[in-house]
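See below for the structure under consideration.
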Amino acid sequence: MVNKQKRSGKLVQKLIAVSLIIQAIIIGVKGNIDVLSGKNPIDVIQSMIAQGIELIIKAYNAEKRIGKKSDRANKPGE
């Protein structure tokens with residue numbers, strides 16, 4: 001049972017990591033498209049930075065949640 005939970009936890013971690021990487025790629029591609037379509041590069045960069053910060057916060061919060069879950073799973077007697 002514990003091994004199954006560990007594997008499930010690792011799978012969740014990998015899925016979250018992949019989704020965050022995909023979001024980062026999308027931010028970059030959208031920024032390039034915006035610049036190529038004639039938008040002001042400074043505005044595009046500011047928007048990309050804001051989206052990047054949001055992504056970092058999402059990653060940090062996901063890491064905290066996963067850490068708490070793994071701490072609870074590793075406690076003896078529960």
From the cross-link list LYS30/LYS68; LYS4/LYS68; LYS14/LYS39; LYS14/LYS58; LYS10/LYS30; LYS6/LYS30, which pairs have alpha carbons spaced over 26 Å apart? LYS30/LYS68; LYS14/LYS39; LYS10/LYS30; LYS6/LYS30
Net charge around MET48, counting only other residues with Cβ within less than 15 Å of its Cβ (Lys, Arg = +1; Asp, Glu = -1)? -1
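We did not get these values from a lab; they are worked out from the coordinates using the rules stated. Since this is a predicted model, take the numbers as computed values, not measurements. Every residue, glycine among them, receives a Cβ derived from its backbone with ideal geometry; neighbour counts consider all protein chains shown.
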